[in-house]
Amino acid sequence: PRLCVVGSGPAGFYTAQHILKHHGGAQVDIYEKLPVPFGLVRFGVAPDHPEVKNVINAFTQTARSERCAYYGNVTVGRDVTVAELQQAYHAVVLSYGAEDNRVLGIPGENLSGVYSARAFVGWYNGLPENRDLKPDLSCETALILGHGNVALDIARILLSPLGLLRKTDITDGSLAALACSKVKRVWLVGRRGPLQVAFTIKELREMVNLPGARPVLDPADFTGLENAVKDAPRPRKRLTELMIKTALEKPGEKTMEAEAAAPREWGLKFQRSPQEILPTADGRRARGVRMALTRLEGSGDSAKAIPTGDVEELECGLVLSSIGYRSLPLDPAVPFDTQRGVIPNSSGRVEGVPGLYCSGWVKRGPTGVIITTMNDSFDTAQSVLEDLQVGVLDVSTSREGFGAVESILRSRGVRPVSFSDWEKIDAAEVARGKAAGKPREKIVDPQEMLRLIGH
């Protein structure tokens, strides 16, 4: 069987890995629109979390398998259609993730000084489309809308001592911008309460212990929560206990000294829903956010935030909206649920289109960590293997695979990038990084990547 996977992030690689491991004859081709592979492992994981990027080693093993091939610099839906892939392969798996962000849908969202978390993370991680973001960091107070791990990542990057960031693979340009940053206070604002935060304890602990920055949590926000979490699942209980402990910590002498030495601070604000981003007098830039105060109806993860009618304004010159990523439809031939932002499927089988599958965020929505995506991708791969076994996928007719796609791409003037091409780019990045005392210096311009491999 010849199979192809669209997207080379964790979902794509884990799907390919599982199929290759459990089917001795399958051949899997992976298509990626960028010249470089690994998706959000490269462009989403924070630069100061190198251990999370270790999965790249396993993905590299998969890509080097003689039954796997990687074709970068190919945009499916534009350079080659899904229908054309279906002609060339016995099965096609869509694993292209979530390349857009959810919008707030409030006035002032397009003012200068307002950015999506997705674009900001892409900027400091070297995602080509965000390389020219040039965020304005000349204000003292930043406001992040959202209480997830991405929001904490951004707060940590904004407040981290430069010495820590210099040793990471953060891009050169963003390091220079952060070196001139005036931001010294970051508020993380959520519509719901402490029991509904979406970040995890590891990320919160890292933030609480960040050198040179002190947490500012209001003890009143946590009144009575010890009882409320008594019977909560252990991760939620431990997370809440850490917030309570941080809020109630009395500054001792040592802490007072540390605070004098810690000019930077961050805090969590709860039960506030953004209503409008307020403009400066000239109407061009953000100067603050007006928020509706909310009360919670229901409890636990299903609690809803209902506006109370009261509002408050918070001054800030930088607003980052971290309310989630969003998948986009890839090709008119593929069914898409615009409401939920996913491809309608059951166990990864795309509804109404035999031989078409999906895995990762485009399958289940943009939630979870790499391990969640791994399990999800194995689940889709299992569906493909079952369909091969019971004959739903007819392998008796031979399919040309990349041979057929190659002539289509050539006729459209598209030159794919191979995995060994990527390894040249990788070697160049690592060499540049070494010169600067970093693990790598990412190349952020795709044209430069292509020149480097003689394309």
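The values are calculated or read from the model by the stated rules, or taken from the named source; none is laboratory data. Model, not experiment: these values are computed from the prediction. All Cβ positions, even for glycine, are placed from backbone atoms using ideal geometry, and neighbour counts span all protein chains on display. Quick note on the areas: whole protein, heavy atoms, side chains included, nothing else; ligands and nucleic acids left out. Shrake-Rupley method; radii C 1.70, N 1.55, O 1.52, S 1.80 Å.
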Worksheet item: Can you tell me which residues in segment 7-36 are of a type outside the set (V, I, T) and closer than 16 Å to N73 by Cα?
Response: G7, S8, G9, G12, D29, Y31, E32, K33, L34, P35
Practice prompt. State yes or no: is G368 of a type outside the set (K, R), at pLDDT below 95, assigned to a loop (DSSP other than H, G, I, E, B) and assigned by the TED database to the domain that holds V93?
Written response: yes
Discussion item. I'd like to check something: does segment 214-223 contain any residue that is at pLDDT 95 or above, surrounded by fewer than 15 Cβ atoms within 10 Å (Cβ to Cβ) and assigned to a loop (DSSP other than H, G, I, E, B)?
Written reply: yes
Fill in: Selection count, segment 262-311, where residues are of a type in the set (S, T, N, Q), surrounded by fewer than 19 Cβ atoms within 10 Å (Cβ to Cβ) and under 28 Å from P233 (Cβ atoms)
2
Worksheet entry | Lone qualifier among L278, L293, L328, L314 - being in a loop (DSSP other than H, G, I, E, B), among the hydrophobic types (A, V, I, L, M, F, W, C) and in contact with a Gly (Cβ under 9 Å, 6 or more places away or on another chain) | L328
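How many residues are open to solvent by less than 20 Å² (accessible area, probe 1.4 Å) and within 23 Å of K424 (Cβ to Cβ) when one looks only at segment 46-59?
Final tally of qualifying residues: 2.
Taking the condition of being open to solvent by less than 30 Å² (accessible area, probe 1.4 Å) and in contact with a Phe, Trp or Tyr (Cβ under 9 Å, 6 or more places away or on another chain), how many residues in segment 129-145 meet it?
6
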Worksheet, complete the sentence: Within segment 89-144, residues being modelled with pLDDT under 95 and assigned to a strand (DSSP E or B) number 2
Practice prompt. Note down all Cβ pairs under 6 Å where the first residue falls in segment 65-76 and is at positive phi, the second is at pLDDT 95 or above, and they're at least six residues apart or on different chains.
Written response: N73/P35; N73/P416; N73/V417
Discussion item. For segment 389-431, which positions are of a type outside the set (G, A, S), closer than 23 Å to V350 by Cβ and part of a loop (DSSP other than H, G, I, E, B)?
Written reply: V390, V392, L393, D394, V395, T397, R399, E400
Discussion item. For the list (1) out of contact with any strand residue (DSSP E or B) (no Cβ under 8 Å at 6 or more places or on another chain); (2) assigned to a loop (DSSP other than H, G, I, E, B); (3) open to solvent by 10 Å² or more (accessible area, probe 1.4 Å), I need the number of the one condition that I443 fails.
Written reply: (3)
Worksheet item: Can you find a residue in segment 324-338 that is open to solvent by 30 Å² or more (accessible area, probe 1.4 Å), at pLDDT 95 or above and at positive phi?
Response: no
Fill in: Filter result (open to solvent by less than 40 Å² (accessible area, probe 1.4 Å) and closer than 17 Å to V93 by Cα) within segment 386-420
D387, L388, L393, G401, F402, V405
